[in-house]
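The values are calculated or read from the model by the stated rules, or taken from the named source; none is laboratory data. No experiment lies behind these values; they were computed from the predicted model shown. Here the Cβ is made from the backbone with ideal geometry for all residues, glycine too, and neighbour counts use every protein chain on show. All accessible areas refer to the heavy atoms of the entire protein, side chains included, with ligands and DNA or RNA removed. Shrake-Rupley method; radii C 1.70, N 1.55, O 1.52, S 1.80 Å.
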There are 2 protein chains.
Amino acid sequence: MEDREVLSKMNYPIYANVLMSVVSYFLTVRLIPKFRDMFIKGNLYGIDMNKKDGGKVPEALGVVTGCVFLITMFLFIPVPFTDYIFKNADFPHNEFVEMLAALLSICCMLLLGFADDVLDLRWRHKLLLPTIASLPLLMVYYVNFNSTLIIVPKPLRPWFGLSVDLWLLYYVYMGMLAVFCTNAINILAGVNGLEVGQSLVIAASISIFNLVELSGNVWKAHQFSLYFMLPYMATSLALFKHNWYPSQVFVGDTFCYLSGMTFAVVGILGHFSKTILLFFIPQIINFLYSIPQLFHLVPCPRHRLPRYNKETDKLDISVTVFKKSELNVLAKLCLWVFRTLKIVSWKEDKTGLVTCNNLTLINFILYMIGPTSEPSLTIILILIQIMSSVLAFMIRYPLASVFYDI
Amino acid sequence: MEDREVLSKMNYPIYANVLMSVVSYFLTVRLIPKFRDMFIKGNLYGIDMNKKDGGKVPEALGVVTGCVFLITMFLFIPVPFTDYIFKNADFPHNEFVEMLAALLSICCMLLLGFADDVLDLRWRHKLLLPTIASLPLLMVYYVNFNSTLIIVPKPLRPWFGLSVDLWLLYYVYMGMLAVFCTNAINILAGVNGLEVGQSLVIAASISIFNLVELSGNVWKAHQFSLYFMLPYMATSLALFKHNWYPSQVFVGDTFCYLSGMTFAVVGILGHFSKTILLFFIPQIINFLYSIPQLFHLVPCPRHRLPRYNKETDKLDISVTVFKKSELNVLAKLCLWVFRTLKIVSWKEDKTGLVTCNNLTLINFILYMIGPTSEPSLTIILILIQIMSSVLAFMIRYPLASVFYDI
């Protein structure tokens, strides 16, 4: 019966969306190579540091997939509303508003990402601008739902009761979600295909979650999320084809910001802004592990990519070097924890000079398994992302019943 | 009485908007110099060809004013709705939708403009993308108003009746308006301060028109337009300060697209999509005059800027050279008309080789008044824009009563 229910909600807008996504995939696959020279001419290129012969690779191609994604969505906008348009029924302005606010936030981040690739923005911009870009989204959430109640897990109920109304805090959380998502993918990057690969796994996980929840009470919200996820996946898959090892194009901060904001948007307007974090487990681990360098407790070089060994054609950990005595208390505490857990490579000479791997998940994996070729490393990292999603579904479904009455 | 009516509609959202605009002016004035080096480092600069010592001038600073403009509007969004929010009245989703669609279209064009400055897009993109960017706008127009009736001027009524319903044609017109506005400012450019100068005159004219119409029946639409025009003018004025002769920064296609789309947006959603064209008289003349070159009937060099004379520090017409015998019939006809009207500089040698000024309004003015210094030329062009606006108001108000019953 559930299956039939799901099918009944797979109505013509979804089919139209699937069709448009397929078209956008083929369009993007063909478009990307055409823009190669234009990007290189516009000084938008990078040198692939993990290759023997580092040629110019066009950078920030995420702007092409982003534009095709937006165009697809623009053309799709009227589709879910055709019933209302032709039958002259009361137009559901509240649903229309959600769509426009979502596209506005995504478009803003595409612009910001592209500006970052061209201009190398500062960190304060990277934190401030996504917050502002999410304002229309929060306003729509306020106007349409304004439900800031969260259900308390069973073990905590003696203290907090059945539910807690977070009020303003819930909006702060959603604003921070936008900032986190946009930056989290951007800092788990640096080997061919990883940015798009992880984003595709996250998008696929969200889509599976949406499909499952189509049989639930809030199916409309999940349908809304699918409208965005399918064309997003189609255009990203096209980019993946050109970005996979050896990369013909780089995706740029543009793609990472676009992806992060798209996920935040569907999470917020699809009412699963807590569940969505479950699909970001590797990104959260990478963020936590990076904290000492992100907050400059430990010296952080401009790039924290793995180090390429020309002889073996393999990648190994890249390192940061510092005097132990120059660290502050907080840095010492963080590193003590990491060393106790044995999750850092640590070499200290007699003078107190420490050589430690750059604190990224990528370097951690290399530290664990030793030098690895670039495509193998990417595959391992994508597999970790997939495993995390499996874990996420286990937490969301079987385990949730332990903590909630469902 | 009318004055009092106008005042009563100058309510707190307008005052808040004025205040925010003032802040955004000072913010933009301070921000622009800070971004100078970042733009030059990002290879976004041009050489000022009309100066003796052409140094690097950062290009595409329109993206900074555009972002401040958008941020101001994002922060302003809730202001007109506070009444509804706090009184828990029925939320006017239809008005909210207009605001979001307007910002979405503007944001898209800001992205496209910036991409054009970085990547040098092709003409087909410049025509296709604004059309797509205006789709959400047209959808909102359809959903909220869908009035495609136009009143026929008196002399034509025997043939067409009192009014004609243009249906789909009206939407085609509005889509084309977006394309025209975004490109029209971009092709009347090339001397320091002209792009921002003309845009400021157009924006001021629209604002005056809005203020006058605040006493009318559709005052809400004109109030909506003012919400956008005031912060737009504030941020543009800040840009003008840095872009005036001798330019410290260039505005880029970014600014032209941003401006054009902002005007198209308020014209369409403010229900004055016909009146707004009256404020584009110089742009229309420039476009008509440019047609032989835009459609490549006559050879069109990459830049059609006036020619700078280092000795005199003055600007003179720039020229295009072609064999008369190689022109097709259409080109010959156009040029015959121009020569008959004596609006082109035309030199033909015995072999049939023609030297003719590049067909822009700027070159036409130089042809009429002879070599001129750059700031004087800009002032003359801005004065022409102001005169055209005076003419526009005369057509819109005293003259309109001849053709319509008002």
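With the charge dipole of the protein assembly as shown set up from +1 on Lys and Arg Cβ and -1 on Asp and Glu Cβ about the Cα centre, the Cα lying farthest toward the positive end among the listed residues B:Val164, B:Gly193, A:Phe209 is that of B:Gly193.
Taking the label point 7 Å along Cα→Cβ, A:His125 and its counterparts in the other copies are spaced 2.0 nm apart, in ascending order.
Straight-line reach from B:Lys347: taking Cα to Cα under 28 Å and skipping same-chain neighbours fewer than 8 places apart, the lysines in range are B:Lys51, B:Lys310, B:Lys314, B:Lys323, B:Lys324, B:Lys332. Peptide packing for B:273-282, A:167-176 was compared via the average number of neighbouring C-beta atoms within 10 Å per residue; ordered from the highest value, the list is B:273-282, A:167-176.
Nonpolar atom fraction for the range B:90-178, defined as the carbon and sulfur part of the 1.4 Å probe accessible area, stands at 68 percent. Estimated at 0.36 nm per residue, the fully extended path between A:Ile343 and A:Phe295 surpasses their Cα-Cα distance by 15.4 nm.
Helix B:252-269: angle to the longest alpha-carbon principal axis of chain B, degrees 0 to 90, nearest 10? In chain B, helix B:252-269 runs at an angle near 40 degrees to the longest axis. Look at where the Cα atoms of the range B:272-315 and of the range B:184-219 average out, and the two centres are 18 Å apart. Note on B:Ile285/B:Leu127: beta-carbon distance plugged into 1/(1 + (r/R0)^6) with R0 of 25 Å gives a FRET efficiency of 0.75.
Among residues other than A:Ala133 whose Cβ falls under 15 Å from its Cβ, what is the net charge (Lys/Arg +1, Asp/Glu -1)? Each step should come with its number before you reach the end.
Working: positive: A:Arg124, A:Lys126; negative: A:Asp116, A:Asp253.
Net charge around A:Ala133: 0.
Charged side chains reduced to their Cβ positions (Lys and Arg at +1, Asp and Glu at -1) give the protein assembly as shown a dipole of some 1620 debye around its Cα centre.
The packing ranking of peptides B:118-129, B:239-250, highest mean first, is B:239-250, B:118-129, where packing means the average number of other beta carbon atoms within 10 angstrom of each residue.
As a fraction of the 1.4 Å probe accessible area of the range A:279-406, surface on carbon and sulfur atoms comes out at 68 percent.
Treat every Asp and Glu Cβ in the range A:326-365 as -1 and every Lys and Arg Cβ as +1, leave all other atoms uncharged, and give the resulting dipole magnitude about the Cα centre to the nearest 20 debye.
Values: 5 positive and 3 negative charges, 26 e Å.
The calculated dipole for the range A:326-365 is roughly 120 debye.
To the nearest ten degrees, helix A:12-41 and the longest principal axis of the Cα atoms of chain A are 40 degrees apart.
Inside 10 Å of the C-beta atoms of A:230-240, what's the mean count of C-beta atoms belonging to other chains? If you can, show how the numbers build up before the last one.
Details: counts 0, 0, 0, 0, 0, 0, 0, 0, 0, 0, 0.
Counting Cβ atoms of other protein chains within 10 Å of each residue's Cβ and averaging gives 0.
Taking the C-alpha atoms only, the angle from helix B:281-294 to the longest principal axis of chain B is near 40 degrees. Only one residue of B:Met109, B:Thr82, B:Phe39 has its Cα farthest out toward the positive end of the dipole of the range B:1-127, where Lys and Arg carry +1 and Asp and Glu -1 on Cβ, and that residue is B:Phe39.
For B:Phe295, the point set 7 Å out from Cα toward Cβ sits 6.6 nm from its twins in the other copies, listed from shortest up.
Is the range B:279-406 rounded, prolate or oblate when judged by the Cα gyration tensor, a ≥ b ≥ c being the square roots of its eigenvalues, rounded requiring a/c under 1.5 and prolate requiring a/b larger than b/c? Working shown, then result.
Details: a/c = 2.81, a/b = 1.44, b/c = 1.95.
It is oblate, given that a/c is not under 1.5 and a/b is not larger than b/c.
For the range B:131-171, a decrease in accessible area of 30 Å² or greater in the assembled protein chains relative to the isolated chain, with a 1.4 Å probe, applies to B:Ile132, B:Leu135, B:Pro136, B:Met139, B:Tyr142, B:Val143. Under a 5 Å amide H cut-off, with hydrogens placed 1.01 Å from N, A:Ser318 pairs with A:Arg307, A:Asn358 among residues at least 5 apart or on other chains.
Highest mean first, the peptides A:285-298, B:101-114 sorted by other C-beta atoms within 10 Å per residue fall in the order B:101-114, A:285-298.
Excluding ligands, DNA and RNA and using a 1.4 Å probe, chains A and B jointly bury around 4000 Å² of accessible surface, summed across both partners.
For A:Gly54, the point set 7 Å out from Cα toward Cβ sits 3.3 nm from its twins in the other copies, listed from shortest up.
Taking the Cα centre of the range B:2-273 as reference, the dipole from Cβ charges on Lys and Arg (+1) and Asp and Glu (-1) amounts to some 400 debye.
Averaged over peptide B:90-102, the number of partner chain Cβ atoms lying within 10 Å of each residue's Cβ comes to 5. Judged by the ratio a/c of the largest to the smallest principal axis of the C-alpha gyration tensor, chain B counts as oblate, that ratio being 1.5 or greater while a/b is no larger than b/c. Farthest towards the positive end of the charge dipole of the range A:251-406, among the residues A:Leu294, A:Ile384, A:Leu366, is the Cα of A:Leu294, using unit charges on the Cβ of Lys, Arg, Asp and Glu.
Per residue of B:115-125, count partner chain C-beta atoms within 10 Å of its C-beta, then hand back the mean as an integer. Don't jump to the answer; show the numbers that get you there.
Values: counts 10, 0, 2, 13, 12, 3, 3, 1, 0, 0, 1.
That works out to 4 on average.
Taking a sphere under 10 Å around the Cβ of B:Gly62 and counting the other residues whose Cβ falls inside, with K and R at +1 and D and E at -1, yields a net charge of -4.
How large is the accessible surface per residue of the protein assembly as shown, computed with a 1.4 Å probe and reported in Å² as a whole number?
On the way: 35960 Å² over 812 residues.
On a per-residue basis, 44 Å².
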